[in-house]
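The values are calculated or read from the model by the stated rules, or taken from the named source; none is laboratory data. Keep in mind that what you see is a predicted model, and the values were worked out from it rather than measured. When we count neighbours, we look across all protein chains shown, and the Cβ atoms used for this are built from the backbone with ideal geometry, even at glycine.
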């Protein structure tokens with residue numbers, strides 16, 4: 001077994017009280033002026049991308065359909081295609097912004113498979129290795145702020161076509 | 001961290017000789033009459049699904065683009081859409097055939113993320129059950145296979161036929 005990714009700030013989430021309702025429904029329903037506070041980095045027609053407040057690693061984002069479903073088959077074809085396009089866009093942006101040496105892209109369907117927020121589909125592309133030391137010192141909020149700033153800055157610098165990023 | 005899924009039979013793959021060339025290119029290029037031997041359960045226009053010969057769990061399949069690429073951005077839109085439709089189809093078929101209590105769906109991009117066959121993209125679909133994490137393989141170093149691969153091929157192949165004739 002390889003060395004684990006140590007992410008002790010996740011204990012705050014695991015042991016803490018969960019907010020009422022579904023945050024993955026609340027985030028895109030909130031005004032865009034809340035996107036920075038909610039860590040939403042991109043909105044698409046049927047999906048959106050946000051940072052994980054309790055990341056496995058720097059640059060850990062989640063790509064989420066707007067529809068509150070727990071089953072892939074429950075998404076209409078245009079929502080499914082939109083979600084997959086958003087996923088590919090997120091992988092490209094994280095690749096460009098972080099230059100990781102690898103990425104894990106996956107989702108856990110059902111509690112038996114380890115899903116935290118079970119009724120939604122979540123893709124977390126994790127990047128490893130490169131920014132581990134940046135993570136080890138930081139509290140979750142500071143890490144998230146740094147990641148938001150970095151993603152927004154890098155996206156502006158790259159002028160990624162067709163990608164809207166928070167720029168405040 | 002929960003208990004790991006111990007899958008020591010994977011050492012056979014990890015330590016064993018790798019076939020020359022890329023098996024993910026060879027499988028769809030082979031005649032369809034070889035699909036059973038190659039564990040290919042479904043072919044789509046730009047992608048295919050096959051069983052993992054060294055599964056983490058019964059019903060572990062992989063969904064693979066026909067193009068030999070290591071980056072999702074390298075696939076043209078049509079091939080990407082075909083791959084993702086095949087992924088959704090595979091998840092539905094595994095759900096219908098195995099009735100698992102959960103499923104892990106994921107891909108590892110790059111060696112640093114743990115990809116085994118790094119130059120050719122592949123999604124893993126792994127059905128999960130509460131309590132599927134038996135320690136028998138560890139204390140006895142004994143592989144426990146609840147279902148023969150060929151039997152799994154038959155069920156999943158039939159599942160695809162039913163879902164996508």
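Table for the structure above
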{"read-out": "Scan of segment B:96-116 for residues that are touching a strand residue (DSSP E or B) at 6+ places or on another chain (Cβ under 7 Å) and part of a helix (DSSP H, G or I), ordered by number", "value": "B:98, B:113"}
{"read-out": "Test: residue B:68 is away from chain A (no Cβ under 13 Å) and either outside any helix (DSSP H, G or I) or more than 22 Å from residue B:160 (Cβ to Cβ) (or both)", "value": "yes"}
{"read-out": "Any hit, segment B:131-154, residues being exposed (fewer than 13 other Cβ atoms within 10 Å of the Cβ), modelled with pLDDT of 70 or more, within 8 Å of chain A (Cβ to nearest Cβ) and in contact with a helix residue (DSSP H, G or I) (Cβ under 8 Å, 6 or more places away or on another chain)", "value": "no"}
{"read-out": "Segment A:94-114, residues that are in contact with a helix residue (DSSP H, G or I) (Cβ under 6 Å, 6 or more places away or on another chain), more than 8 Å from chain B (Cβ to nearest Cβ) and surrounded by 21 or more Cβ atoms within 10 Å (Cβ to Cβ)", "value": "A:97"}
{"read-out": "Evaluation of residue B:73 against (1) more than 9 Å from chain A (Cβ to nearest Cβ); (2) surrounded by fewer than 19 Cβ atoms within 10 Å (Cβ to Cβ) (one fails), failing number", "value": "(1)"}
{"read-out": "Those residues of segment A:76-93 which are out of contact with any strand residue (DSSP E or B) (no Cβ under 8 Å at 6 or more places or on another chain) and away from every other protein chain (no Cβ under 11 Å), in sequence order", "value": "A:76, A:78"}
{"read-out": "Residues satisfying the stated conditions in segment B:71-93, i.e. in a helix (DSSP H, G or I), in contact (Cβ under 8 Å) with a residue 24 or more places away in the chain and touching a helix residue (DSSP H, G or I) at 6+ places or on another chain (Cβ under 9 Å)", "value": "B:72, B:83, B:85, B:87, B:89, B:90, B:91, B:92, B:93"}
{"read-out": "Cβ-Cβ under 7 Å pairs, at least 6 apart or on other chains, segment A:32-45 side free of Cβ contacts under 8 Å to residues at least 24 places away in the same chain, far side part of a loop (DSSP other than H, G, I, E, B)", "value": "A:38/A:30"}
